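Novice: Input: one structure, supplied below.
Taken together, the values in this text are just the output of simple stated rules run on the coordinates, not laboratory data. This structure is a prediction, so every number in the text was calculated from the model and none was measured. With ideal geometry, Cβ positions are generated from the backbone for all residues, glycine too; neighbour counts draw on all protein chains shown.
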Amino acid sequence: QLQLVESGGGLVQPGGSLRLSCVISDNILSYYATGWYRQAPGKQRELVALLTSGGSTDYAYSVKGRFTISRDNAKNTVNLQMNSLKPEDTAVYYCHVRSWGPNTYWGQGTQVTVSS
């Protein structure tokens with residue numbers, strides 16, 4: 001079973017930055033895509049950013065220009081750099097891996113709170 005271990009969440013003031021990381025227990029390039037989702041209280045889980053093995057990216061409209069997804073192939077790690085954070089970015093952020101087949105995998109989630 002693939003394991004995803006997230007880190008980097010926390011409390012930050014509006015306008016601040018955080019960097020989330022997710023270490024994957026397998027060759028990251030052997031999967032179709034890796035990415036980040038988030039779920040705020042009372043809301044559905046939503047895609048934040050996706051990075052395919054071919055290098056294509058997709059971002060939620062609300063985070064374009066503020067968040068950047070990247071990966072370190074040697075460390076099997078996917079990162080999410082979050083800048084200019086807003087209170088509405090507060091949510092639990094989940095690392096996600098999508099295989100070339102039907103399987104998907106999720107991390108345990110890390111809390112991001114944006115508040116003054």
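Novice: Can you check what the net charge comes to around Thr57, using other residues whose Cβ is under 13 Å from the Cβ of Thr57 (Lys, Arg +1; Asp, Glu -1)?
Specialist: Neighbourhood net charge equals +1.
Novice: What is the mean projected area of the alpha carbon convex hull for the chain, to one decimal in square nanometres?
Specialist: The number I arrive at for the chain is 6.9 nm².
Novice: OK, next. Hey, with R₀ at 30 Å, roughly what FRET efficiency would Gln1 and Arg45 work out to, going by the Cβ-Cβ distance, to 0.05?
Specialist: After rounding, the FRET efficiency stands at 0.90.
Novice: Now, a different point. Within the range 6-30, name every residue whose backbone N is under 15 Å away from a label modeled 7 Å from Cα of Asn73 along the Cβ vector.
Specialist: Under 15 Å, as judged by backbone N against the label point of Asn73, lie 27-30 of the range 6-30.
Novice: If you count, for each residue, the other Cβ atoms within 10 Å and average over each peptide, how do 9-16, 54-61 line up from highest to lowest?
Specialist: Packing proxy ranking, top to bottom: 9-16, 54-61.
Novice: Determine which residues of the range 75-109 fall in the zone a paramagnetic label at Lys64 would reach in this model, i.e. backbone nitrogen under 14 Å from the point 7 Å along Cα→Cβ.
Specialist: Of the residues in the range 75-109, none has backbone N under 14 Å from the label point off Lys64.
Novice: Related question: Any idea how far the Cα center of the range 14-32 sits from the one of the range 33-72, in Å?
Specialist: So the two Cα centres are separated by 10 Å.
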